[in-house]
1. Under 17 Å Cα-Cα from Lys16, which aspartates and glutamates qualify once same-chain neighbours fewer than 8 residues away are excluded?
2. Give the peptides 6-17, 28-39 in descending order of average Cβ contacts within 10 Å, highest first.
3. Among all the aspartates and glutamates, which ones have a C-alpha under 13 Å from Lys68's C-alpha, if same-chain residues fewer than 8 places away are not counted?
4. Scan (1) 6.4; (2) 4.3; (3) 4.9 for the value of mean projected area of the Cα convex hull in nm² calculated from this model and give just the label.
5. Rounded to a whole number, what % of the accessible area of the chain do carbon and sulfur atoms account for, probe 1.4 Å?
6. What accessible area per residue, rounded to a whole number of Å², is obtained for the chain using a probe radius of 1.4 Å?
7. To the nearest 500 deg cm²/dmol, what mean residue ellipticity at 222 nm is calculated for the chain from DSSP H runs of n ≥ 4 alone, each contributing -39,500 (n - 2.57), summed and divided by the residues?
Amino acid sequence: MQDDFEDSLRSWLVNKPLEVIVVTATDYLKDVKTRVENVGDRRVRLICITEPNNRCQMMSGVRSARGKII
């Protein structure tokens, strides 16, 4: 069975975004990195922060964005 997260990434990439930023906490990095690598698209950027916190993760992604945020 295919992973829902990977399916979501592939679905977003069909729309040809400049990038998709995935922000995760250190505790989940290994698992998320494997899933991102399974998708195999250079437009997916993985960022890791030390503590799982929705607000911090969102702001980290916003600050890292190369293009317009929508």
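The values are calculated or read from the model by the stated rules, or taken from the named source; none is laboratory data. Source: prediction; values computed, not measured. Every residue, glycine as well, gets a Cβ built from its backbone with ideal geometry; the counts of neighbours run over all protein chains shown. Areas reflect the complete protein model, heavy atoms only, side chains present, ligands, DNA and RNA absent. Shrake-Rupley method; radii C 1.70, N 1.55, O 1.52, S 1.80 Å.
1. Glu6, Asp7, Asp41
2. 28-39, 6-17
3. Glu19
4. (3)
5. Carbon and sulfur atoms account for 50 percent of the accessible area of the chain.
6. On a per-residue basis, 78 Å².
7. -14500 deg cm²/dmol
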